[in-house]
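Trainee: Got a structure for you, written out below as structure tokens; questions coming shortly.
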Amino acid sequence: QVQLQESGPGLVKPSQTLSLTCTVSGDSITNDYYYWTWIRQPPGKGLEWMGAIAGSGSIYYSPSLRSRTSISRDTSKNQFTLHLSAVSPEDTAVYYCARGPTLVVTTWTDMDDWGKGTLVTVSS
């Protein structure tokens, strides 16, 4: 029974870097049956797949965000981390970490397990 929990600041200033950590319990992030994934949902909009790290350590990014996105992990803490640089108000969203078997995510059921999400507001 896996649990995922997002953590990090809820407010980030424009041009700064948004950093979030996903802490996982009940499974290892080195489990290569799954992609350990970051997804966001801006207010009033749909889910946006951002990127993922596989249990093997391979990393995948959305083409639209690749230039600003970095995903890493700390296996000793069973955590994986999102860094989104040069943020603007358009990056305001609820950010989720999730576990699932696919890199194609458009609906909630595409992932098997989700964190509760954390709202990050980009504002000066």
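Trainee: Given a 1.4 Å probe and every protein chain left where it sits, what share in percent of the accessible area of the chain is carbon and sulfur?
Mentor: 49 percent
Trainee: Next question. Could you identify which residue out of 79, 41, 16 has the top mean-square fluctuation in a GNM of the chain using Cα springs shorter than 10 Å?
Mentor: Checking each option, the largest mean-square fluctuation is seen for 16.
Trainee: If you filter the range 3-53 for chymotrypsin sites (Phe, Trp or Tyr not before Pro), then keep DSSP loop positions with at most 16 other Cβ within 10 Å, what is left?
Mentor: Answer in residue order: 33.
Trainee: Sticking with this structure for a sec: By DSSP, what percent of the beta bridges with both residues in the chain are antiparallel, rounded to the nearest 5?
Mentor: That works out to approximately 95 percent antiparallel.
Trainee: Also, I was wondering about something else. If R0 is 25 Å, what FRET efficiency do you get for residue 76 and residue 19 from their C-beta distance, rounded to 0.05?
Mentor: With R0 = 25 Å, the Cβ-Cβ based efficiency is 0.85.
Trainee: Taking a 1.4 Å probe, which of 11, 18 shows the most accessible area, and what order do the others take after it? Mind showing how you got there, number by number?
Mentor: Details: 11 115, 18 0 Å².
Reading off the accessible areas and sorting them downward yields 11, 18.
Trainee: Additional query: Using the Cβ atoms and a cut-off under 15 Å, what net charge is assigned to the surroundings of residue 55, where Lys and Arg are +1 and Asp and Glu are -1?
Mentor: Around residue 55, the charge tally is -3.
Trainee: For residue 103 and residue 68, FRET efficiency with R0 = 25 Å and r from the beta-carbon atoms, rounded to 0.05?
Mentor: Working: r = 19 Å, r/R0 = 0.75.
For R0 = 25 Å, the calculated efficiency reads 0.85.
Trainee: Whole number in Å², please: accessible area per residue of the chain, 1.4 Å probe, ligands, DNA and RNA not counted.
Mentor: 50 Å²
Trainee: Round to a whole angstrom and tell me the spacing of the C-alpha centers of the range 1-23 and the range 46-118.
Mentor: 10 Å
Trainee: Something else now. What stretch of the chain, leaving out the sites themselves, is the longest with no trypsin sites (Lys or Arg not before Pro) in a DSSP loop having at most 14 other Cβ atoms within 10 Å?
Mentor: On the way: sites that count: 45, 77, 116.
Between exposed loop sites, the widest span is 1-44.
Trainee: Right, next: Excluding residue 32 itself, calculate the net charge of residues whose Cβ lies under 14 Å from the Cβ of residue 32, where each Lys or Arg counts +1 and each Asp or Glu counts -1.
Mentor: Around residue 32, the surrounding residues sum to +1.
Trainee: Another question, then. Among 65, 106, 41, whose Cα projects farthest towards the positive end of the dipole of the range 23-124, with charges put on the beta-carbon of Lys, Arg (+1) and Asp, Glu (-1)?
Mentor: 65
Trainee: So, counting K/R as plus one and D/E as minus one, what does the shell of residues with Cβ under 13 Å around residue 97 add up to?
Mentor: Residues close to residue 97 contribute a combined charge of 0.
The values are calculated or read from the model by the stated rules, or taken from the named source; none is laboratory data. Please read these numbers as outputs of a predicted model, since none were measured by experiment. Note that we place each Cβ from the backbone using ideal geometry, even for glycine, and neighbour counts take in every protein chain shown. Side chains included, ligands, DNA and RNA excluded: accessible areas come from the protein's heavy atoms. Shrake-Rupley method; radii C 1.70, N 1.55, O 1.52, S 1.80 Å.
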